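Accompanying notes for the structure given below.
The values are calculated or read from the model by the stated rules, or taken from the named source; none is laboratory data. All figures in this text were calculated on a predicted structure; none of them were measured in a lab. Note: ideal-geometry Cβ built from the backbone for every residue, glycine included; neighbour counts use all protein chains shown.
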């Protein structure tokens with residue numbers, strides 16, 4: 001299970017209010033439901049991020065590990081790694097330390113971001129039985145809304161449409177699944193292996 005928290009949230013949503021209103025065939029001049037539509041965009045974005053195991057708009061995350069891995073590579077969740085800000089750990093005396101950036105290299109070119117220990121370096125010793133023995137701060141996401149892939153934006157818009165049309169409480173079995181088209185649009189962006 002991924003144990004992480006958002007340090008710097010995304011500055012915008014991946015889909016603009018005007019795009020959603022156009023998709024919903026609501027005139028831009030009508031503002032009565034703007035607050036609701038923005039909330040639905042936020043909810044649809046969260047669901048689509050959960051489906052793909054990605055973050056769409058740039059944000060800074062703290063990832064918590066109990067210890068450094070036995071291997072020399074750490075895989076980072078959420079895809080589209082932009083940078084690693086720091087690697088901090090709790091030493092055996094229970095003091096917080098920062099692992100030198102000279103001791104590792106970062107690769108954000110793949111589906112998941114990688115941190116690899118450099119030759120002649122070892123991961124430091126971490127205090128015993130800590131849930132947050134290691135904290136890795138990194139920034140991930142496609143960038144701003146203009147950089148988010150079109151298929152992801154379309155999936156969000158389709159799900160906003162579904163939520164808008166069914167915004168009242170519904171019973172089990174009536175409406176409890178993500179529309180197939182949303183899953184289809186997100187399928188090629190899904191990252192497997194992180195829970």
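When you look at residue 188, is it in a helix (DSSP H, G or I), loosely packed, with under 13 Cβ neighbours inside 10 Å and within 21 Å of the chain's Cα centre (by Cα), yes or no?
Yes, satisfied.
Within the stretch 72-112, work out how many residues are within 23 Å of residue 8 (Cα to Cα), loosely packed, with under 12 Cβ neighbours inside 10 Å and touching a strand residue (DSSP E or B) at 6+ places or on another chain (Cβ under 7 Å).
Total meeting the criteria: 2.
Inspect all residues belonging to the stretch 141-163 and state whether any of them is over 30 Å from residue 69 (Cβ atoms), assigned to a loop (DSSP other than H, G, I, E, B), modelled with pLDDT under 95 and not assigned by TED's automatic domain parsing to the domain that holds residue 83.
No.
Please work out if residue 70 is part of a loop (DSSP other than H, G, I, E, B) and modelled with pLDDT under 95.
So residue 70 fits the description; yes.
So which of 122, 128 ends up being outside any strand (DSSP E or B), surrounded by fewer than 18 Cβ atoms within 10 Å (Cβ to Cβ) and at pLDDT 95 or above?
The conditions single out 122.
Condition check: modelled with pLDDT of 95 or more and either assigned to a strand (DSSP E or B) or in contact with a helix residue (DSSP H, G or I) (Cβ under 8 Å, 6 or more places away or on another chain) (or both). Does residue 10 satisfy that? Steps first, please.
Working: modelled with pLDDT of 95 or more: yes; either assigned to a strand (DSSP E or B) or in contact with a helix residue (DSSP H, G or I) (Cβ under 8 Å, 6 or more places away or on another chain) (or both): no.
For residue 10, the condition - modelled with pLDDT of 95 or more and either assigned to a strand (DSSP E or B) or in contact with a helix residue (DSSP H, G or I) (Cβ under 8 Å, 6 or more places away or on another chain) (or both) - is not met.
Just a yes or no: is a residue in the stretch 45-52 part of a loop (DSSP other than H, G, I, E, B), touching a strand residue (DSSP E or B) at 6+ places or on another chain (Cβ under 9 Å), in the same structural domain as residue 163 (by TED's automatic domain parsing) and surrounded by 18 or more Cβ atoms within 10 Å (Cβ to Cβ)?
no
What's the number of the condition residue 9 fails, among (1) out of contact with any strand residue (DSSP E or B) (no Cβ under 7 Å at 6 or more places or on another chain); (2) closer than 15 Å to residue 145 by Cβ; (3) free of Cβ contacts under 8 Å to residues at least 60 places away in the same chain; (4) surrounded by fewer than 19 Cβ atoms within 10 Å (Cβ to Cβ)?
(1) is the only condition that residue 9 fails.
Taking the condition of being within 16 Å of the chain's Cα centre (by Cα) and assigned to a loop (DSSP other than H, G, I, E, B), how many residues in the stretch 13-44 meet it?
3
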